[in-house]
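The values are calculated or read from the model by the stated rules, or taken from the named source; none is laboratory data. Nothing here was measured: the structure is a model prediction, and the numbers come from that model. Reconstructed Cβ throughout: ideal geometry from the backbone, glycine too, with neighbour counts over all protein chains shown.
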Amino acid sequence: MAFNLIMGGGFALFGAFLGYFVRQSIARGRAAGLEKKAEADLAAARIEAQETLLKAKDSALAVMQHAREEERERKEHLNRFEERLVKAQEGLDRELAEIAAVVAKAKDDAVRLDAREAEVHAARDRAALALETVSGMTAGEARDILFAQTTDAHRKDLALMLQKLERERHDEIEKRGVEIITTALQRYARAHVSEFSTTSFTLPSDDLKGKIIGREGRNIRTLERLTGVELLIDESPQAITISSFDPMRRELARMSLERLVKDGRIQPAKIEEAVELSRQELAKRVEAYGEEAAYELGIVDFPKEVLQILGRLHFRTSYGQNVLDHSVEMAHIAGMLAAELGGDADLAKRGALVHDIGKAIDHEVQGTHVDIGRKLLKKYGVDERVIRAMESHHDEYPYSIPEAYIVTAADAISGSRPGARRDSLEQYVKRLADLEKIGMSFPGVQAVYALSAGREIRVFVTPEKLDDFGALQLAKDIAHRIQAELRYPGEIKVNVIRELRAVEYAR
């Protein structure tokens, strides 16, 4: 049993040694194979590196060859360019030489001309001296005598020529002025509605008249006190007349009545609420009117405060003409006149638009509307040139820029054209009578007639009492009297007519 165990252990030990040697042999075989493979890979890598090096050398040689070719071409190009520069320089040198020759010749010619001119002057002086010796007078004396003789011989012709030139110049200037003004008015056409001092408010039924009056008249008194108007309720069916000199107050009252009638509850508390809401709405409308006027004229940089005040002119009238409409019309006309005359059209339009802005608050502030307007525009930072363009339209300030004349002309055109403004019949008739009365107050006047709606008067004089110069002076005197004593829109033409008739009978 023990022998068997010993033998078994021996075989096991022998097997272990045998397995170790076998593994070592296998490992040495594998190592040898790997070493051979590594040597083969190394050899292949060396061959590949040599091939890569050869390729790099070939590429480098190709690049160097290409660079040499480019350098050769560049040198040839530079050589050609240098040749062209040399040729151009040679051409310039030749041209400079030719120019120098021409200049030298011109200088020689100038010297010769100066010498000839000196000779001519000397000969002329000798001739003049000889003439003075022969005639016994100097050249100045001879010139004066000749001029005097010519003037005496042709004095009448010269006077007629001067009169003709003066007449033609005046006619041409007047014709051109009429063309410019007519073109401006034709290009601008705007509907005008005469403004009145009353507004009629239509009621849905006559029953509302009692509600508006209220118990013992408390409703109507509240409305009149809050709006500053007078409500006239008479026998007119379904209508109330709102009377006030201020169109803005009339509009406030009309809007308040419209709210009250729509609501149906008419009492002092509701009247106060309606008036306040209407006042807020009216303020927004006023601002919108100013913005619309500026937008129509293409003016986008006026301060908001100026536009708000400008919008109030929508509710202001002058001789029945809406002041805002008048200002917008003026701006269009002024812009077109400036364009025709070569002025600043935009500046003329701006000055015309705000020329009457002082009228919006002239009943609240002391001073003329021109002064008030200037202060307002300066306060809100409007361009000084705009102020200078508008301040002279009533001749209160000097005309400092050409656009000031254009604004004044546009004001006269807009205010005096037919249909723009409305006077009462009584004022109209009185003005015509005053015009004729002023004309007849001068000595030597036979008859006076007011024509063209008071824009012209024709004065017929006795030719034996007044000569032509006296007729001219009479026209000036009558014009001065009219300016001093009457108030009128636009201008009045004074036309003095002196007609001499020679009558004789052949028997």
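Before moving on, here are some points about what is shown:
- The set of residues in segment 431-473 that are polar (S, T, N, Q), modelled with pLDDT of 85 or more and part of a helix (DSSP H, G or I) contains only 473.
- Hey, residue 149 more than 30 Å from residue 343 (Cα to Cα), exposed (fewer than 14 other Cβ atoms within 10 Å of the Cβ) and at pLDDT below 75 or not: yes
- Residue match in segment 342-351 (condition: within 15 Å of residue 302 (Cβ to Cβ) and over 14 Å from the mean Cα position of the chain (by Cα)): no
- Qualifying residue in segment 251-258 (condition: touching a residue at least 60 places away in the same chain (Cβ under 8 Å), crowded, with 17+ Cβ neighbours inside 10 Å and outside the structural domain of residue 379 (by TED's automatic domain parsing)): yes
- Of all residues making up segment 414-426, the number that are surrounded by 13 or more Cβ atoms within 10 Å (Cβ to Cβ) and either modelled with pLDDT of 80 or more or of a type in the set (S, T, N, Q) (or both): 2
- Index of the failed condition, residue 264 passing every other in (1) on the phi < 0 side of the Ramachandran plot; (2) not assigned by TED's automatic domain parsing to the domain that holds residue 386: (1)
- Flag if residue 300 is in a helix (DSSP H, G or I), on the phi < 0 side of the Ramachandran plot and among the hydrophobic types (A, V, I, L, M, F, W, C): no
- Criterion violated by residue 289 - all others in (1) at pLDDT below 85; (2) surrounded by fewer than 22 Cβ atoms within 10 Å (Cβ to Cβ); (3) of a type in the set (Phe, Trp, Tyr) satisfied: (1)
- Filtered by the rule that a residue be aliphatic (A, V, I, L, M) and either assigned to a strand (DSSP E or B) or touching a Gly at 6+ places or on another chain (Cβ under 9 Å) (or both), segment 483-495 gives 492, 494.
- Tally of residues being surrounded by fewer than 14 Cβ atoms within 10 Å (Cβ to Cβ) and at pLDDT below 90 across segment 266-279: 1
- Against the conditions (1) within 27 Å of residue 309 (Cβ to Cβ); (2) modelled with pLDDT under 80, residue 237 satisfies every one except (1).
- Flag if residue 339 is assigned by TED's automatic domain parsing to the domain that holds residue 387 and touching an Asp or Glu at 6+ places or on another chain (Cβ under 9 Å): no
- When restricted to residues that are touching a residue at least 40 places away in the same chain (Cβ under 8 Å) and either assigned to a helix (DSSP H, G or I) or within 42 Å of the chain's Cα centre (by Cα) (or both), segment 259-269 contains 3.
- Within segment 332-360, restricting attention to residues that are assigned to a helix (DSSP H, G or I) and among the charged types (D, E, K, R), the residue that is farthest from residue 374 (Cα to Cα) is 340.
- Condition check for residue 287: in contact (Cβ under 8 Å) with a residue 24 or more places away in the chain, within 18 Å of residue 255 (Cβ to Cβ) and assigned to a helix (DSSP H, G or I): yes
- Flag if residue 249 is under 30 Å from residue 352 (Cα atoms) and basic (Lys, Arg): yes
- Selection status of residue 304, under 21 Å from the mean Cα position of the chain (by Cα) and in the same structural domain as residue 399 (by TED's automatic domain parsing): yes
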